[in-house]
Amino acid sequence: MDKQRAKELVQRYNQELATAEEKALLENWYMQKSDDLHLEDNEIDFERIEREIRIGTLDRAGLNQHVVKTKRFKLWPRIAIAASLILTVGVGLLYFVNESDSFNSAGILANRNDIAPGSNKAILTLANGQKIVLTDAKNGELANENDAIIRKTGEGQLVYNGKTANATESVFNTIATPRGGQYSLILSDGTKVILNAASSLKYPTGFKGKDRIVELEGEGYFEVAHNKAKPFKVISKGQIVEVLGTHFNINSYSDEPSVKTTLLEGSVNVNGTLLKPNQQAILTTDSKINVTNVDGEDAVAWKDGLFKFDHTDMRTSMRQIARWYDVEVVYEGNVKDELFYGKIDRSYTLSEVLKVLKLGKVNFRIEGKKIIVMPQ
């Protein structure tokens, strides 16, 4: 393969146009050559790589076509079109499908000990204190709160509608997801909210006064219905996010070191700091706001059914997994805080997810509902 063909191949990869064979060609070379970070163009033996792929290099490594292990690398100088190829200090992950029934003798756990992923479940608490387990509730009308009719749809979504403008006072409901659960709802003004695992939202059945105010704990994605005359405000862990109509995500878990508000569309004001689309406000423990440019879709990958790691450290990654699978994570020995990059489907069982993570410099042991993380 000549240099021009190599350049075209990298361009196709960076533009997400490469075929599976072309991707495997590049990724396998990076896996094989990752220890040498300064190769020149004429040192790249693509023909050899093609031959190795054809005879099953990935199969010999214990990987199939759905799993690709990568390490940190640098592109050769004159072909570095964009830095969008898979990069990682620890391990790179692509969409993963586990086709085997169980792990081999060096595996993490057997199927009988496997843990299913989270699902659509939550508890609704009405103004009078009554609790409704939404997972078990039948579809249709669940309650009538202050002229607001609360319904559960066939898609497993909570919807508020009714003539709440005539109500004399606001009454509040709370929806809470457990670890291993998520849920979506439509508020009385048409705003859509999706709650991640171990999260809760307190909100009025109908918005009175000059503002629309809700309170969030944990993580939630919001698509706010536009109303210029009545701003929408989200109160969460030391910050107030104010919007008119926009799409954004707030991560405010109590076990995270900071609160992250990520804007996808429109504009939001976070404690006086204005965000533009694809910007993230990070509220630190000393109440300072730092703004960084991000890919907004990464922050909401969870609502689309994905774990998305972008140089995410080990402990942050494991906290996400612990919430979704409702498990405890314990570290044993000198476990380095490796970085992860890539995507894993949240519909996979815990064993499938851990098998991918095991490609990094870590190992796992399962004890009931506990994951023991160990150095490899």
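The values are calculated or read from the model by the stated rules, or taken from the named source; none is laboratory data. Note that this is a predicted model, so its numbers are computed, not measured. Because the Cβ atoms are built from the backbone with ideal geometry, glycine has one as well, and the counts that use them run over all protein chains shown. In case anyone asks, the SASA skips ligands and DNA or RNA and just uses the protein heavy atoms, side chains included. Shrake-Rupley method; radii C 1.70, N 1.55, O 1.52, S 1.80 Å.
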Of 234, 252, 290, farthest towards positive along the dipole that unit charges on Lys, Arg, Asp, Glu beta carbons give the stretch 223-339: 234
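First select every other residue whose beta carbon is under 10 angstrom from the beta carbon of residue 349; then total the charges, Lys and Arg +1, Asp and Glu -1.
Around residue 349, the surrounding residues sum to -1.
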Over 31 Å between alpha carbons, listed pairs 276/370; 202/228; 276/361: 276/370; 276/361
Entries in 152/355; 208/288; 210/260 that, when Cα-Cα distance is taken, lie over 29 Å: 152/355; 208/288
For residue 136, net neighbour charge (Lys/Arg +1, Asp/Glu -1) across residues whose Cβ lies under 12 Å away: +4
Part-to-part distance (alpha-carbon centres) for the stretch 345-366 and the stretch 186-244, which is given in Å: 35
Exposure of residue 327 as accessible area (Å², to 10), given a probe of 1.4 Å and all protein chains: 10
Length gained when the stretch residue 295-residue 179 is fully extended (0.36 nm per residue, less Cα-Cα span): 39.1 nm
Kirkwood Rh in Å, taken over all unlike Cα pairs in the stretch 119-301: 16.6
